[in-house]
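Please read the structure below before turning to the comments.
Just so it is clear, none of the values below were taken in a lab; they were calculated from the coordinates. A quick note: this is a predicted structure, and the numbers were derived from the prediction, not measured. In this analysis, Cβ positions are derived from the backbone assuming ideal geometry, glycine residues included, and neighbour counts consider all displayed protein chains.
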Amino acid sequence: MTHHPYPLKTRFWTPGVVVLAVLMAAGAAAVVARFIGGIGYVSNLSTARPWGLWIGVDVASGVALAAGGFTTAFLAHIVGRHYFEPVVRPALLTAMLGYTFVVLGLLIDIGRSWAIWKPMIFWNFNSVLFEVAMCVMFYLNVLYIEFVPVVVEQFKGRMNLPGPLAALNGLAETLLGLADRILGKIMWIFIIAGVVLSCMHQSSLGSLMLVAPTKVHPLWYTPILPLLFLTSAIAVGYPMVVFETTLATTSLKLDGEMRVLSPLTRLTVYLLGLYMALKIGDMVVRGTYVHLLEGTAQTNAFLAEMILGVIVPWLMLLSERVRRNRRALFAACTMIVGGVLLNRINVFVVAYKPPVSESSYFPAVGEILITVGLISTLMFIYRFLVTHLPVLSAPAREVSS
Amino acid sequence: MKLTRRGFFKIAGATGAAAAASRSDPAAASPPPEDPYGCLVDLTRCIGCRKCEDACNRVNGLPPPERPFEDPTVLNRLRRPDERAFTVVNRYFPGQLDASNQLVPTFVKIQCMHCQEPACASACIVGALTKKENGTVHYDVTRCIGCRYCMVACPFEIPAYEYHDPITPRVMKCTFCFERISKEGGLPGCAEICPTEAITFGRRKTLLEVARKRIGENPARYLDRIYGEKEVGGTSWMYISAVPFEKLGFIDVPDKPTPKLAETIQHTLFSYLWSPIVLYGLLGGIMWTSRKNRPESEDEEGDRR
């Protein structure tokens, strides 16, 4: 199998992309409303419910579902399984965009967006959030650096800026050449750093809610929450790669890359199995299974997360037939991705019950529009970048006319 | 991408040393103040006049209330402190009857408890919230980024937020009148105005003695419990009551400070950044070995699945 990423150069404005643009416009309107009327104008957040959809989905799930970036980098570049090279770049692109949008989501969610730089100067080592913020900041830079070679590959020796900008061609070429020469030698530093930083903040995201023992439902509140967040992030990495590769190759009419995806998900059997064992073991050890059948929205959300998001797809992946079948594999991986998404929403939103006011929360239209708008923008940019940069390497599908 | 063993250890070593040097003593969470101020609220004395709310509003320059402080019907609804009111008084009817068969009300003033080991201060990403020597849990707006993690962390659901300010919203909570009590003889606005001396301001240690004395001298009047003595590691604001606290909207909280578990995990894992440094070395070793054993060859993973 030859691995050779290339810019797709296909038609960009397909009907799907137009839909994305519409959703982006709606989200943009909600963002404008947030910066005119305040967070309270577009959201249902309150004193009792300071964190909602934005933290649960845009930030926590955004980070978790970007785990494909460091898990594939680990496999292909640290362990040296170059067979999986074709999925590394798309996973890297997804991670880079994912983290970029985590930061954009944060800029909308925090009250003083303009002060987002302050944690760099004012340090609180007791704060889990401080560590998460520092790791996310460094990791985002690492991701950009890791992506530079993709840009270099496309433009080196081919700089051709239009009109008056042509004068800058020489400078740009020099920079590209410089980046090419230096980065090749030191990239290993960033690859390892990316994995280390990911392990740190993926786990610490789980520690965030440990600060509120009286507010988080016992089904989720466990001292091993950071370990559960780390193992679930590692477990969701490859299913997320399958999920996005299948979506991208279907939408762009490319070959399904099953030769890479099938063996990748064989590893998921072990990784997801470990997460499942920890999660069930934790429940047994702490005796929290007594809550399982209480029938409240909270406990049902836990059951959905565990059964539909972990146990069923794990059983599916045990079968080699499922792993080799494109549709079945996509279904299983979608369930795993959905399971981790639901887990993050559960931990940050559903499990959270303020004991004094016992207020309930459902995201407002404005919150949903902003979240949907951000995700649409991410997909839009992904599509744009794979059209113009060498990211994907799947050959075009043979179409019978 | 070339990696030599020597080059690797050189860089890993430098990274580690730099990281270790940049953090002096990360494990040191500042201990609670030795002799902080506090307030003792005697619920048997409170008559629900809401003068404390009025004074609080005035000394903190808060916006005028929707309904005047003299309006008794405000008490018909249970309220919470918010961004426009740092303290509120609620009325409960726990079930006792007076001589004429009327329900006897108990009034409860709510404000920031000013915990000895505040969860909000532990959580705050920039250290905008700190526990001061005089007992105040102090908010420094110039550091705040508005992440609202303090609100997530607070077990008493106290910090409120200016959700309708688009650019410069603040976390709003009782200041314990930091400026006023920093002056000799200064009292918090609420304690100063209280006509029935339901709020006693003083050193926390002294207040605990006062509370025990009142309970000891009048065991028929008081429950033998001081809310805030041990709760979440102790609070600067404390309550004594004739009625079980559960009937008055007080929540059960553990005696252990709520941020302890998160802090312990965080410091165990990341003191001197030992775990990331070890992990970095480990991964570097794996990478170096795999490069040496398999120089850029395509492996046959696909056939082994």
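Side notes on the structure shown:
- No disulfide-compatible partner, judged by a Cβ distance under 4.7 Å, exists for the following cysteines of chain B: B:CYS39, B:CYS46, B:CYS49, B:CYS56, B:CYS115, B:CYS124, B:CYS144, B:CYS147, B:CYS154, B:CYS177, B:CYS194.
- If you take the alpha carbon atoms of region A:176-329 and fit the smallest convex hull around them, that volume is 170 Å³ per residue.
- Inverse mean reciprocal Cα-Cα distance (Kirkwood Rh) of region A:266-355, Å: 13.9 Å
- Label point 7 Å beyond Cα of B:ASP35 along Cβ direction - residues of region B:173-215 with amide nitrogen under 14 Å: B:202-207
- Equivalent ellipsoid of region A:85-132: semi-axes from √(5λ) of the C-alpha gyration tensor, largest first, are 28, 14, 8 Å.
- Under-5 Å amide H pairs with A:LEU254, H placed in peptide plane, nonlocal only: A:ARG397
- Based on the Stokes-Einstein relation at 10 °C and a viscosity of 1.306 mPa s, and on the Kirkwood radius from alpha carbon pairs, region A:111-157 is assigned a translational diffusion coefficient of 124 µm²/s.
- Taking every residue in B:160-171 and counting other chain Cβ atoms within 10 Å of its Cβ, the average works out to 6.
- Pairs of C-alpha atoms in region A:21-144 farther apart than 20 Å represent 54 percent of all such pairs.
- The packing ranking of peptides A:303-311, A:352-360, B:99-107, highest mean first, is A:303-311, A:352-360, B:99-107, where packing means the average number of other beta carbon atoms within 10 angstrom of each residue.
- Tilt relative to chain A, helix A:225-251 - C-alpha long axis, 0 to 90 degrees, to 10: 40 degrees
- Under 19 Å from B:LYS247, Cα to Cα: aspartates and glutamates that are on another chain or at least 8 residues apart: A:GLU358, B:ASP42, B:ASP98, B:GLU157, B:ASP224, B:GLU229, B:GLU231
- For region B:255-269, backbone phi angles converted through the Karplus equation (6.51, -1.76, 1.60; θ = phi - 60°) give residue-by-residue couplings of 6, 6, x, 5, x, 4, 4, 4, 5, 4, 4, 4, 6, 4, 7 Hz, Gly and Pro being listed as x.
- Across region B:122-136, coupling constants 3J(HN,Hα) worked out from phi with the 6.51/-1.76/1.60 Karplus curve, θ = phi - 60°, read 5, 6, 3, 4, 10, x, 6, 9, 9, 8, 8, 4, 7, x, 5 Hz, and Gly and Pro carry x.
- Most to least packed among A:205-216, A:28-39 [average Cβ atoms within 10 Å]: A:205-216, A:28-39
- The HN-Hα couplings worked out from phi for region A:85-95 by the Karplus form 6.51 cos²θ - 1.76 cosθ + 1.60 (θ = phi - 60°) are 3, x, 9, 5, 5, x, 5, 4, 4, 4, 5 Hz, whole numbers, x standing for Gly and Pro.
- Across region B:159-206, Cα-Cα pairs farther apart than 12 Å form 71% of the total.
- Against chain A, whose longest principal axis is taken from its Cα atoms, helix A:365-388 shows a tilt of about 30°.
- Each Lys and Arg Cβ is given +1 and each Asp and Glu Cβ -1; about its Cα centre, chain A then shows a dipole of about 500 debye.
- Computed [θ] at 222 nm, helices only, for chain A once each DSSP H run of length n ≥ 4 contributes -39500 (n - 2.57): -21000 deg cm²/dmol
- Degrees separating the helix A:326-345 axis from the principal Cα axis of chain A, which is the longest one: 50 degrees
- Rh by Kirkwood over Cα pairs, then Stokes-Einstein D for chain A at 1.567 mPa s and 4 °C, µm²/s: 58 µm²/s
- Residue mean of other protein chain beta carbons inside 10 Å, A:107-113: 6
- Averaged over peptide B:264-271, the number of partner chain Cβ atoms lying within 10 Å of each residue's Cβ comes to 5.
- For chain A, the relative contact order comes to 33 percent (Cα pairs under 8 Å, sequence separation of at least 6).
- The charge dipole of chain B, taken about its Cα centre with unit charges on the Cβ of Lys, Arg, Asp and Glu (plus for the first two, minus for the last two), comes to roughly 600 debye.
- Charge dipole of region A:76-160 about the Cα centre (unit charges at C-beta), most positive-ward option of A:PRO90, A:VAL152, A:ALA76: A:VAL152
- Diffusion coefficient, µm² s⁻¹, Stokes-Einstein with Kirkwood Rh over alpha-carbon pairs of chain B at 37 °C and 0.692 mPa s: 144 µm²/s
- By average C-beta atoms within 10 angstrom, highest first, the peptides B:217-224, A:274-281, A:328-335: A:328-335, A:274-281, B:217-224
- Selected from B:GLY186, B:GLY281, B:GLY127 as most flexible by GNM, with chain B as the system and alpha-carbon contacts under 10 Å: B:GLY281
- Distant-in-sequence amide H partners of B:VAL104 (H built 1.01 Å from N, under 5 Å): B:GLY95, B:GLN96, B:LEU97, B:ASP98
- Percent of alpha-carbon pairs separated by more than 50 Å within the protein assembly as shown: 21 percent
- Between amide H atoms placed 1.01 Å from N, distances below 5 Å from A:ARG112 occur with B:GLY146, all of them 5 or more places distant or on a separate chain.
- Rounded Å value of the spacing that divides the Cα centres of region A:338-381 and region B:28-81: 34 Å
- Euclidean distance of C-alpha centroids, region B:194-262 and region A:74-116, integer Å: 49 Å
- In the protein assembly as shown, taking the dipole from charged Cβ atoms about the Cα centre, the farthest positive-side position among B:THR175, B:PRO72, B:ALA242 is held by B:THR175.
- Rounded to the nearest 20, the size of the Cβ-charge dipole of region A:118-225 about its Cα centre is 100 debye, with Lys and Arg at +1 and Asp and Glu at -1.
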